[in-house]
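The values are calculated or read from the model by the stated rules, or taken from the named source; none is laboratory data. Everything quoted here is computed from the prediction, not taken from an experiment. Every residue, glycine among them, receives a Cβ derived from its backbone with ideal geometry; neighbour counts consider all protein chains shown. Side chains included, ligands, DNA and RNA excluded: accessible areas come from the protein's heavy atoms. Shrake-Rupley method; radii C 1.70, N 1.55, O 1.52, S 1.80 Å.
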Amino acid sequence: MTDQELQILVEEISNRYFGVAFRHQARFNSRLRTTGGRYLLRTHNIELNPRHLEEHGEEELVGIIKHELCHYHLHLAKRGYRHADRDFQELLKKVGGSRYCQQVGGGRTQLPYRYELICTSCQMSYRRKRKMNPARYRCGRCTGKLILRE
């Protein structure tokens with residue numbers, strides 16, 4: 001699906017389910033990693049993650065579009081457009097949008113533990129992903145001195 005086809009789909013969904021025209025731009029953003037889409041408050045544009053279409057199909061994408069259009073229409077109407085607002089939750093339920101999207105591959109990468117702090121007195125081990133200065137910390141069990149092992 002191209003950005004032009006996506007724009008047409010968003011406009012159709014907006015007219016059919018909300019009864020109001022979508023007058024801004026909808027596009028795919030492949031840099032989105034952990035979210036299905038986002039509504040941009042300043043420009044009123046909508047960006048969607050193309051991996052949701054590839055991995056979960058058009059039905060999942062339509063649910064995400066409805067979710068983002070709820071943000072869009074409520075914000076322009078100066079009503080509660082945030083997830084916790086009652087207006088948003090009621091409109092989302094009314095149009096049948098998805099509250100949460102499914103996970104896609106290529107999201108956050110899990111870093112392996114690269115560093116280990118070891119207590120010199122009780123041999124307690126603390127694994128860390130980031131390097132830290134052991135002189136600034138003490139063992140939580142016995143308050144002994146820590147040494148860094150990479």
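Tally up the residues in segment 24-41 that are part of a loop (DSSP other than H, G, I, E, B) and open to solvent by 70 Å² or more (accessible area, probe 1.4 Å), please.
Number satisfying all stated conditions: 6.
Only one of Glu150, Glu90 is modelled with pLDDT of 95 or more, out of contact with any Gly (no Cβ under 9 Å at 6 or more places or on another chain) and open to solvent by 50 Å² or more (accessible area, probe 1.4 Å); which?
Glu90
Could you grab the pairs with beta carbons closer than 7 Å, sequence gap of 6+ or different chains, first residue in segment 46-69 and of a type in the set (Lys, Arg), second one assigned to a helix (DSSP H, G or I) and surrounded by fewer than 22 Cβ atoms within 10 Å (Cβ to Cβ)?
Pairs that qualify, where the first residue is of a type in the set (Lys, Arg) and the partner is assigned to a helix (DSSP H, G or I) and surrounded by fewer than 22 Cβ atoms within 10 Å (Cβ to Cβ), are Lys66/Ile13; Lys66/Tyr17; Lys66/Val95.
Applying the selection to segment 10-23, what residues are without any contact (Cβ under 8 Å) to a residue 40 or more places away in the chain and loosely packed, with under 14 Cβ neighbours inside 10 Å?
Glu12, Asn15, Arg16, Gly19, Ala21, Arg23 - these are the residues of segment 10-23 that are without any contact (Cβ under 8 Å) to a residue 40 or more places away in the chain and loosely packed, with under 14 Cβ neighbours inside 10 Å.
Could you tell me whether segment 105-112 includes any residue that is over 30 Å from Asn49 (Cβ atoms), of a type in the set (D, E, K, R) and in contact with a Ser or Thr (Cβ under 8 Å, 6 or more places away or on another chain)?
no
Step by step: first the residues of segment 42-78, then only those that are modelled with pLDDT of 95 or more and among the basic types (Lys, Arg), then the one that is surrounded by the most Cβ atoms within 10 Å (Cβ to Cβ). Which residue is that?
Filtering segment 42-78 for residues that are modelled with pLDDT of 95 or more and among the basic types (Lys, Arg), the one surrounded by the most Cβ atoms within 10 Å (Cβ to Cβ) comes out as Lys66.
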